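Data first, discussion second: the structure below is written as structure tokens.
The values are calculated or read from the model by the stated rules, or taken from the named source; none is laboratory data. What you see is a predicted model, and the numbers here were worked out from it, not measured in a lab. Neighbour counts run over all protein chains shown; Cβ positions are idealised from the backbone, glycine included. Side chains are part of the model used for accessible areas, which takes the heavy atoms of the whole protein and leaves out ligands, DNA and RNA. Shrake-Rupley method; radii C 1.70, N 1.55, O 1.52, S 1.80 Å.
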Amino acid sequence: MFSANAKNLLADYFKAMKNRAKAYLFYGRLLKPLIHSAPKTLINITWQDSIGNVSVFATNMLTTRTTVALKVPGATKKFLKIFNGNKLVSSTEVNGGENYNWEIPAWRLLYLIFF
Amino acid sequence: MLENFFVADNGVNLCRTKLDGSLETLNLEGRIEVFLCRGTEYIKTFMQETSKTLFDLGITAIHNDFDQLMALDGASFNKSLGHLIPYGSWQIDVMSKVYSEIIAEAKSRNITYFYLTKEWPTELFNMKIQGYQVRNYKSLNDTTYIPLFHYVYHDFVSSIYGFGWMQGTATDDDLAAMLIYGQLPGMAFWQSTI
């Protein structure tokens, strides 16, 4: 039987793939990680879609929320949107080259996209 | 009943044998498996004919499971079949022709979403197949294959059926890795209920 965590991850995944994730997880290109010094309890990977937008997918495998720092790509101002499945969790403006602190809940499939 | 079918259809002489001449068997996932030898005339048309049946049924994705060339499971000591013992480039030639003919059949039927995969990556067939069955990304104790030359022939390297969740073994960590690293989800339940 699936655990509650696995059920959440799969539900998030399939909703995400019907939203924006397919451009990355299916047709994307892997980039070097934007999250530096990620703890072993955080699975994360950086993708780029066919039009150049950069995305980071992550799952926090702790039982509590965790915060990681990632470097915003490029040198110009960007819109950062964070999704869980097909839901927009938050959006903000960030500056290229600066660090962004991302708070990630436990055992959900989260992804952020820089536009 | 299946044993009778196997014997009546000359199964013993079509399958791989061990060095001592006995039939190579594998007890896996609750069943006993034997392996068709690539040196037989039978195998030279078996997959193509099976594929035609699958195409007739509307199936467009075909996966050749358990064919892990050039891993050790390909050895055949059946001297009656006339091939070099136990390995040889003849194995590659046979499977290459098999894949080519399946691809040709799919093309002749104008199948849009035709997708041919095999178990494990190998550079030997990446000009033929579109994706590979791989294992958990976190199985770092295994040899890791990176089929770079796949990009010579394809725009993407796709991987399927990663056992990201497997009854009794794979963990939620494996599942998370499979999804986030972009592998097409695959979960093994081995005859158990979900």
Worksheet item: Where Lys and Arg each count +1 and Asp and Glu each count -1, what net charge lies around B:Ile129 among other residues with Cβ under 12 Å from its Cβ?
Response: -1
Worksheet item: Over chain A, what is the mean sequence separation of C-alpha contacts under 8 Å (at least six apart), divided by residue count, expressed as relative contact order in percent?
Response: 29
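Relative contact order, percent, of the stretch B:2-114 when contacts are C-alpha pairs under 8 Å separated by at least 6 residues?
Working: 98 pairs, mean separation 30.2, N = 113.
Once normalised by length, the contact order is 27 percent.
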Item to complete: Specify the inter-centroid distance of the stretch A:55-69 and the stretch A:70-115, based on alpha-carbon positions, in whole Å.
Response: 12
Fill in: On Cα atoms only, tilt of A:4-18 relative to the major axis of chain A in degrees
50
Item to complete: Could you check how much of the accessible area of the protein assembly as shown is carbon and sulfur, as a whole percent, using a 1.4 Å probe?
Response: 57
Worksheet item: So what's the gap between the Cα centers of the stretch B:88-110 and the stretch A:6-23, to the nearest angstrom?
Response: 35
Practice prompt. Please give every one of the lysines within straight-line cross-link reach of B:Lys107, meaning a C-alpha to C-alpha distance under 25 Å, and leave out same-chain neighbours fewer than 8 residues apart.
Written response: B:Lys44, B:Lys52, B:Lys97, B:Lys118, B:Lys128
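Would you mind giving the mean number of other chain beta-carbons within 10 Å of the Cβ of each residue in A:98-111, as a whole number?
If you average over the peptide's residues, the count of other-chain Cβ atoms is 1.
Can you tally the net charge around B:Gly39? Count Lys and Arg as +1, Asp and Glu as -1, for every other residue whose Cβ sits under 12 Å from the Cβ of B:Gly39. Before the final figure, lay out the partial values.
Details: positive: B:Arg16, B:Arg38, B:Lys44, B:Lys79; negative: B:Glu41, B:Asp93.
For residues surrounding B:Gly39, the net value is +2.
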Discussion item. Under 10 Å, Cα contacts only: if you run a Gaussian network model on chain A, which one of A:Lys71, A:Lys87, A:Lys40 comes out with the highest mean-square fluctuation?
Written reply: A:Lys40
Worksheet item: Going 7 Å from the Cα of A:Thr67 toward and past its Cβ, which residues in the stretch A:86-115 have a backbone nitrogen under 11 Å from where you end up?
Response: A:101-104
Worksheet item: Loop-only check: which GluC sites (Glu not before Pro) in the stretch B:30-106 are DSSP coil with at most 11 other Cβ within 10 angstrom?
Response: B:Glu41
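Would you mind calculating the gained length between A:Ala11 and A:Glu93 on full extension (0.36 nm times residue separation, minus the Cα-Cα distance), in nm to one decimal? Before the final figure, lay out the partial values.
On the way: separation 82, 0.36 × 82 = 29.52 nm, distance 2.84 nm.
Length difference between fully extended and current span is 26.7 nm.
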Worksheet item: Across the residues of A:55-66, average count of Cβ atoms on other protein chains within 10 Å?
Response: 2
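Chains A and B: what accessible area do they bury, summed, in square angstrom to the nearest 100, with a 1.4 Å probe? Don't jump to the answer; show the numbers that get you there.
Details: alone 6900 and 11770 Å², together 16940 Å².
Chains A and B together bury approximately 1700 Å².
Counting only other chains, what is the mean number of Cβ atoms within 10 angstrom of the Cβ of each residue in peptide B:176-188? Write down the numbers at each step before the final one.
Numbers: counts 16, 4, 3, 13, 16, 7, 11, 1, 2, 5, 0, 3, 0.
Per residue, the average neighbour count from other chains is 6.
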Worksheet item: If we count every other residue with Cβ under 12 angstrom of A:Gly97's Cβ, Lys/Arg +1 and Asp/Glu -1, where does the sum land?
Response: +2
Practice prompt. Quick one: Debye curve from the alpha-carbon atoms of the stretch A:4-114 only, equal weights, vacuum; give me log10 I(q)/I(0) at q = 0.13 Å⁻¹ to two decimals.
Written response: -0.44
